[in-house]
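This report concerns only the one structure given below.
The values are calculated or read from the model by the stated rules, or taken from the named source; none is laboratory data. Please read these numbers as outputs of a predicted model, since none were measured by experiment. Neighbour counts run over all protein chains shown; Cβ positions are idealised from the backbone, glycine included. These area figures cover heavy atoms from the full protein model, side chains too; ligands, DNA and RNA do not enter into them. Shrake-Rupley method; radii C 1.70, N 1.55, O 1.52, S 1.80 Å.
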Amino acid sequence: MATRFASLTNTYSDLSVTYDESGSDVRLECSFGDVHDDVRPFILERDLTVIAGLVPMVLGDVVLPRVEAEVDRARGALLASVLPTEELVCDAGRTALVVPREWMSRGLPHADAETARRCIAQCEQQLEQRRLGARSLVWARLHASDEPVQSLTRLAGELHVDRRTLQRRLAREGTTFRALLEESRRIRAAEALTGTDRPVAEIAAGLGYAETAAFTRAFTRWYGVTPTRYRARNA
């Protein structure tokens with residue numbers, strides 16, 4: 001359940017559950033692939049502390065048998081003082097909480113089937129709304145009246161997310177930045193040609209085209225006529 005709805009939390013890590021080779025332990029792995037190196041230790045410690053702190057709240061008065069972390073021993077000594085764990089392994093290849101497999105079958109102290117059903121339904125609804133978020137944000141920025149963004153890198157910077165993260169979120173919604181940018185240009189080009197008397201070259205530049213000829217080719221592909229003829233037909 002944690003991995004299924006992790007995107008609804010404020011964690012930066014991608015969560016996954018794996019089993020060790022013997023099958024006796026379960027690993028809740030935390031991946032920080034998109035976090036910049038400058039803030040990676042801080043983000044790792046923040047997320048790990050929160051996630052580890054939730055375990056006793058969920059399962060009762062327990063102590064994690066082992067936590068593995070991608071931190072050096074100096075940072076690990078400080079981290080160990082706040083984590084509810086019997087063993088902290090530093091300089092690990094992956095950050096993970098390791099617990100006995102039988103913990104997976106433990107009932108929650110205050111479990112209630114109807115409450116769980118309602119919470120899961122609400123989480124599913126929130127998750128669906130989140131999936132539509134990236135596309136809506138990008139589309140709104142592409143249609144901004146002041147200065148529409150033309151670069152995925154610049155847009156990711158404005159939204160304070162990693163470029164690859166934004167790409168993946170758009171992919172999960174079945175689109176790409178390039179596809180949204182072209183659709184935005186197509187709509188805005190037609191609006192500018194019929195709603196203003198701006199020269200075609202000026203419209204092309206405003207849409208991010210370095211050459212008017214490139215804009216004319218794209219517009220002809222979209223509408224089957226050149227910008228000049230389209231304007232004349234819809235004047």
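If you check Glu147 against the conditions, is it at pLDDT below 90 and farther than 21 Å from Asp14 by Cα?
So Glu147 fits the description; yes.
Scanning segment 178-198 for residues that are in a helix (DSSP H, G or I) and over 33 Å from the mean Cα position of the chain (by Cα), which turns out modelled with the highest pLDDT? Give the derivation first.
Going residue by residue through segment 178-198, those that are in a helix (DSSP H, G or I) are 178-195.
When the remaining residues are screened for being over 33 Å from the mean Cα position of the chain (by Cα), the result is 192-195.
Values: Ala192: 91, Leu193: 94, Thr194: 91, Gly195: 87.
In this case the residue turns out to be Leu193.
Restricting attention to segment 23-56, the residues that are of a type in the set (Ser, Thr, Tyr) and either crowded, with 17+ Cβ neighbours inside 10 Å or touching an Asp or Glu at 6+ places or on another chain (Cβ under 6 Å) (or both) total 1. Scanning segment 188-208 for residues that are touching a residue at least 12 places away in the same chain (Cβ under 8 Å) and closer than 30 Å to Gly133 by Cα yields Arg188, Ala189, Ala190, Ala192, Ile203, Ala204, Gly206, Leu207, Gly208. When you check Thr49 against the structure, is it under 30 Å from Gln167 (Cα atoms), in contact with a Cys (Cβ under 7 Å, 6 or more places away or on another chain) and of a type outside the set (Phe, Trp, Tyr), yes or no? So Thr49 fails the test. Residue-level analysis places Asp34 among those that are of a type in the set (Asp, Glu), modelled with pLDDT under 80 and within 12 Å of the chain's Cα centre (by Cα). Between Arg46, Arg66, the distinction of being in contact with a strand residue (DSSP E or B) (Cβ under 6 Å, 6 or more places away or on another chain), among the basic types (Lys, Arg) and on the phi < 0 side of the Ramachandran plot belongs to Arg66 only.
Open to solvent by 20 Å² or more (accessible area, probe 1.4 Å), within 27 Å of the chain's Cα centre (by Cα) and aliphatic (A, V, I, L, M): which single residue out of Ala201, Ala205, Ala171 fits that description?
Numbers: Ala201 fails: within 27 Å of the chain's Cα centre (by Cα); Ala205 fails: within 27 Å of the chain's Cα centre (by Cα).
Testing whether each residue is open to solvent by 20 Å² or more (accessible area, probe 1.4 Å), within 27 Å of the chain's Cα centre (by Cα) and aliphatic (A, V, I, L, M) leaves just Ala171.
If the condition is being touching a Phe, Trp or Tyr at 6+ places or on another chain (Cβ under 6 Å) and of a type in the set (Phe, Trp, Tyr), then segment 170-225 contributes Tyr209, Phe215, Tyr223.
Tell me yes or no: at least one residue of segment 222-233 is aliphatic (A, V, I, L, M) and assigned to a helix (DSSP H, G or I). Checked segment 222-233: at least one residue is aliphatic (A, V, I, L, M) and assigned to a helix (DSSP H, G or I).
Applying a threshold of 8 Å to beta carbon distances and a minimum spacing of six or more residues, or different chains, the list of pairs starting in segment 156-175 at a residue that is under 20 Å from Arg40 (Cβ atoms) and ending at one that is hydroxyl-bearing (Ser, Thr, Tyr) and not in a loop (DSSP other than H, G, I, E, B) reads Ala156/Thr165; Arg163/Thr153.
With respect to the conditions (1) within 21 Å of Ala189 (Cβ to Cβ); (2) of a type in the set (A, V, I, L, M, F, W, C); (3) surrounded by 13 or more Cβ atoms within 10 Å (Cβ to Cβ), Ala144 falls short on a single one, namely (3).
Scanning segment 4-19 for residues that are touching a residue at least 60 places away in the same chain (Cβ under 8 Å), open to solvent by less than 40 Å² (accessible area, probe 1.4 Å) and over 11 Å from the mean Cα position of the chain (by Cα) yields a total of 1.
Residues in segment 71-110 that are within 18 Å of Gly60 (Cβ to Cβ) and open to solvent by less than 70 Å² (accessible area, probe 1.4 Å): 8 in all. When the test is whether a residue is modelled with pLDDT of 90 or more and hydroxyl-bearing (Ser, Thr, Tyr), Thr18 does not pass it.
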